[in-house]
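Structure, as structure tokens:
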Amino acid sequence: MNTHTDAFLSSVMDLLVDTVCVVNVEGRFVFVSAACEQTFGYTPTEMIGQPMIDFVHPEDRARTLARVDEVYAGTLQPHFENRYVRKDGRTVHIMWSARSSHDTRMRVAVARDVTDRKRAESMQAALYAVSEAAHTAEDLLALFRRIHLIVGGLMPALNFFVALHDRAKEELSFPYYVDTYHAPPAPRPLDSGTLSAEVIRSGQAMLLRADTALDLPPRVKLDVGRNTLDWLGVPLQTQQGPIGALVVQSYTGDVRYTECDLELLQFVSTQVAAAIERQQMDARLRHIARHDPLTDLPNRTLLHDHIQGALLRAREQQRRLALLYIDLDGFKQVNDSLGHAAGDRLLQETAARLRGVVGTNGMVGRLGGDEFLVLLDGDPRAEQALLIAERLRTRLGQPLTLAERDVTVSPSIGIALYPEHGDDFKQLIRCADEAMYAAKKSGGNRVRLQDGAVEPD
């Protein structure tokens, strides 16, 4: 083939949309068609003489070299795909067709940029994954972990967090926060002026890069740390407006976010927002089903499940439990004389006082009417259960204002102990109930253990 023919063939290949490459046995480019600049960002002059493998994405180099060995062994490779790093730092997905010449030991390959196709496939897969996570994740934390993995499949997401907006409190919280250097921030007002707050407040995505000028509203304060180079946040949009934001950030120049990344994150954010709304609704329904609507205390169903679990652990660990059955003396008179609204307010205040005294020592629930149950699962002895019950009696007996009147309502409290008074839920409830009625028959405003009574001071 003469020089004119070579020049003609070269000019023909330069007209092709796909890139034609010839690589020698040392792995260096000896010919690259003009299309390489569109695909890789480099001119043919910049690529010729350079090792082919240097342009390959670091994570794909080992399998690329293994495939090169197969080509030299005579295996045709019509649809091999790997990633290359463009001159501008972006990653491109390439599909190769390659074969080698035994005579020249040269490797000829035709490269096609399939980045758009891979991106579409990734986005579709991400949507399916988010939809599946919305239906299978057991709670919000599990959902956020799945979303982190899904986003990480679309772009670098080592530093990733979810910010949620509580409309009732006008507060921003961070229920999922993974960061190389920083701990999760405390909840903050929506008008705190932070970047994530601005994304939610404005409903607009935000991309900040170290190599671009910052054009932020005066109300916004940089809250991403002085070492952050790139910050990308998109709102979680719903029909009622933004409920939060998805954020990725980078502290190194190796990871740079682009408008393409912004589009990807925005693409999945609507599906993510719907998944979060679904989980929140499911959580609210589960909460309503297992909590008293007036006091927000665990109801009989949740109490039963919790006590059954506590009994199982107590048997395995040979620990004690105590159940306190509480009934308000004179509640009916308050309800009849001051009205149901005052009665409801009394029950709510009783719940708050019970929670305040019990704290982390156990669980408080409402059985119905003016009857409450307290589980003490910290391995209490009789003396400790009696001491806590006496604190409850004293606290509940303090006056409160209802319908502009000072009202004092005392409790009758019965105590049953595990294992002394029973080894199952029904036995313990019955014993605590019997002790409570014994206390009420004795005049009320007192604590009675199933085996005896403790009179008030």
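Here are the numbers for this structure:
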item: Amide H contacts of Tyr251 (H built 1.01 Å from N, under 5 Å, at least 5 apart or other chain); result: Leu229
item: Net charge over other residues, Cβ less than 10 angstrom from the Cβ of Asp18 (K, R count +1; D, E count -1); result: 0
item: Efficiency of FRET between Gln239 and Ala142 - r from beta-carbon atoms, R0 25 angstrom, step 0.05; result: 0.50
item: Hull-based mean projected area of the range 378-457, where the convex hull spans the alpha carbons, in square nanometres; result: 6.1
item: The range 60-130: radius of gyration and largest Cα-Cα distance (Dmax), Å; result: 14.8, 52
item: Karplus-derived HN-Hα couplings along the range 108-118 (A = 6.51, B = -1.76, C = 1.60, θ = phi - 60°), whole Hz, x at Gly and Pro; result: 9, 9, 10, 10, 10, 6, 10, 4, 4, 5, 5
item: Stretch gain in nm, segment Arg405-Gln348, where the contour uses 0.36 nm per residue and the Cα spacing is subtracted; result: 18.9 nm
item: Rough spin-label spacing in nm, given labels placed 7 Å along Cα→Cβ, for Ala168 and Arg300; result: 2.6
item: Distance histogram for the range 118-289 (every C-alpha pair counted, 10 angstrom bins, percent rounded to whole numbers); result: 10, 40, 37, 12, 1, 0
item: At 1.306 mPa s and 10 °C, Stokes diffusion of the range 300-455 via Kirkwood alpha-carbon radius, µm² per second; result: 102
item: Residues of type lysines that Lys118 reaches as a straight line, Cα spacing below 22 Å, ignoring anything fewer than 8 places off in the same chain; result: Lys87
item: Residue-normalised accessible area of the chain, expressed per residue, 1.4 Å probe, Å²; result: 52
item: Stretch gain in nm, segment Glu26-Thr104, where the contour uses 0.36 nm per residue and the Cα spacing is subtracted; result: 26.9 nm
item: Helical contribution to [θ] at 222 nm, DSSP H n ≥ 4, -39,500 (n - 2.57), averaged over the chain, rounded to 500; result: -13500 deg cm²/dmol
item: The range 339-383: radius of gyration over Cα atoms, expressed as a fraction of 2.2 N^0.38 Å; result: 1.33
item: Folded to 0 to 90 degrees: helix 3-14 orientation relative to the chain principal axis, Cα; result: 20
item: Inter-label distance for Val114 and Leu158, nm, one decimal - labels placed 7 Å from Cα along Cα-to-Cβ; result: 2.9
item: Whole-percent carbon and sulfur share, accessible surface of the chain, 1.4 Å; result: 51
item: Positive-end residue of Ala168, His148, Trp96, charge dipole of the chain with Cβ unit charges; result: Ala168
item: Thr252/Arg63 FRET efficiency (R0 25 Å; Cβ-Cβ; nearest 0.05); result: 0.50
item: Per-residue ³J(HN,Hα) for the range 311-323, Karplus 6.51 cos²θ - 1.76 cosθ + 1.60, θ = phi - 60°, Hz, x for Gly and Pro; result: 5, 4, 5, 5, 5, 5, 9, 6, 10, 9, 9, 9, 10
item: Partners for Lys440 among lysines (Cα-Cα distance below 22 Å; same-chain residues under 8 apart left out); result: Lys332, Lys426
item: Extended-chain gain in nm, criterion 0.36 nm per residue less alpha-carbon gap, Asp336 and Leu127; result: 69.5 nm
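The values are calculated or read from the model by the stated rules, or taken from the named source; none is laboratory data. In this text the structure is predicted, and so the values were computed from the model without any measurement. Here the Cβ is made from the backbone with ideal geometry for all residues, glycine too, and neighbour counts use every protein chain on show. With ligands, DNA and RNA removed, areas are computed over all heavy atoms of the protein, side chains included. Shrake-Rupley method; radii C 1.70, N 1.55, O 1.52, S 1.80 Å.
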